[in-house]
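K.L.:
I have a structure I would like to understand better, so I am pasting it below and will then ask my questions one at a time.
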Amino acid sequence: MSIKQLNPYLNFNGTAGQAVELYERTLGARTESIQRFGDLPGMAVPEEHKHRVMHARLRIGEGVVMISDAPPEMAVALEGNVHVCLHFDQVADATARFEALAQGGKVTMPLQDTFWGATFGMLTDAYGVRWMFNCDKPGAP
């Protein structure tokens, strides 16, 4: 058996829908599917939680990110030791998306040229997700 694909799965506490909209707007993500807790037939969900995302699948470039809201009684920590790394082929595109996603968040390392031959930066978005942006320069090792 071989691994076919690796997908980050991002969990939120009721803000997954807003995060999906942010990633669509700033990263050009395409929502391939989204199901909300209120869509489940026969499941008693309090009205105030029906909008929560049970599962969403977003295509970002060639990769897939999955997203959900935790049930209210199972809140998740919003920060951890994982970053989602985006690789770009154009610095201008990386810069524009970095600046857009940084709005309402916190830049950890500004987008800058590095010794390893790339333009690189890190940020935490408005929903606590940590991102790395990398754009290798032509001819870099």
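K.L.:
Classify the chain: rounded, prolate or oblate, from the alpha-carbon gyration tensor (a ≥ b ≥ c, eigenvalue square roots; a/c under 1.5 rounded; otherwise prolate if a/b is larger than b/c)? Please list the in-between numbers first.
P.N.:
Details: a/c = 2.39, a/b = 1.94, b/c = 1.23.
Prolate, because a/c is 1.5 or more and a/b exceeds b/c.
K.L.:
For region 62-126, calculate the relative contact order in percent as a whole number, restricting contacts to Cα pairs under 8 Å that are 6 or more residues apart. The partial results should precede the final answer.
P.N.:
Working: 47 pairs, mean separation 15.3, N = 65.
Relative contact order, region 62-126: 24 percent.
K.L.:
What nm distance separates the two modelled labels at ALA96 and ARG30, each placed 7 Å from Cα along Cα→Cβ?
P.N.:
1.8 nm
K.L.:
Quick one: Karplus J couplings for region 60-77, per residue in order, coefficients 6.51, -1.76, 1.60, θ = phi - 60°, nearest Hz, x for Gly and Pro?
P.N.:
Going residue by residue, I get 10, x, 8, x, 10, 10, 10, 9, 7, 9, 6, x, x, 7, 10, 3, 10, 5 Hz, with x marking Gly and Pro.
K.L.:
Output the 0 to 90 degree angle, nearest 10, between the alpha-carbon long axis of helix 91-102 and the longest principal axis computed from the alpha carbons of the chain.
P.N.:
Value to nearest ten degrees: 40.
K.L.:
For the chain, what does -39500 (n - 2.57) per DSSP helix run (n ≥ 4), summed and divided by total residues, give at 222 nm, in deg cm²/dmol to the nearest 500?
P.N.:
Details: 2 runs with 24 residues, N = 141.
Value at 222 nm, helices only: -5500 deg cm²/dmol.
K.L.:
Sticking with this one: Set the Förster radius R0 to 35 Å, insert the Cβ-Cβ distance between GLN103 and MET74 as r into 1/(1 + (r/R0)^6), and round the FRET efficiency to 0.05.
P.N.:
Details: r = 29 Å, r/R0 = 0.84.
Taking R0 as 35 Å, the efficiency between GLN103 and MET74 is 0.75.
K.L.:
Roughly how tilted is helix 16-27, in degrees to the nearest 10 and between 0 and 90, from the longest Cα axis of the chain?
P.N.:
30 degrees
K.L.:
With the dipole of region 24-120 worked out from charges on the C-beta (+1 for Lys and Arg, -1 for Asp and Glu) around the Cα centre, which of VAL76, ALA29, HIS49 lies farthest toward the positive end?
P.N.:
Farthest towards the positive pole: HIS49.
K.L.:
A further question follows. Counting DSSP beta bridges with both partners in the chain, what percentage is antiparallel, nearest 5? Show your work: numbers first, answer last.
P.N.:
Numbers: 23 of 32 bridges.
Within the chain, antiparallel bridges account for around 70 percent of the total.
A short reminder: the numbers here are calculations on the coordinates, not readings from a lab. These numbers come from a predicted model, not from an experiment. Quick reminder, even Gly has a Cβ in these numbers, built from the backbone with ideal geometry, and neighbours come from all protein chains shown.
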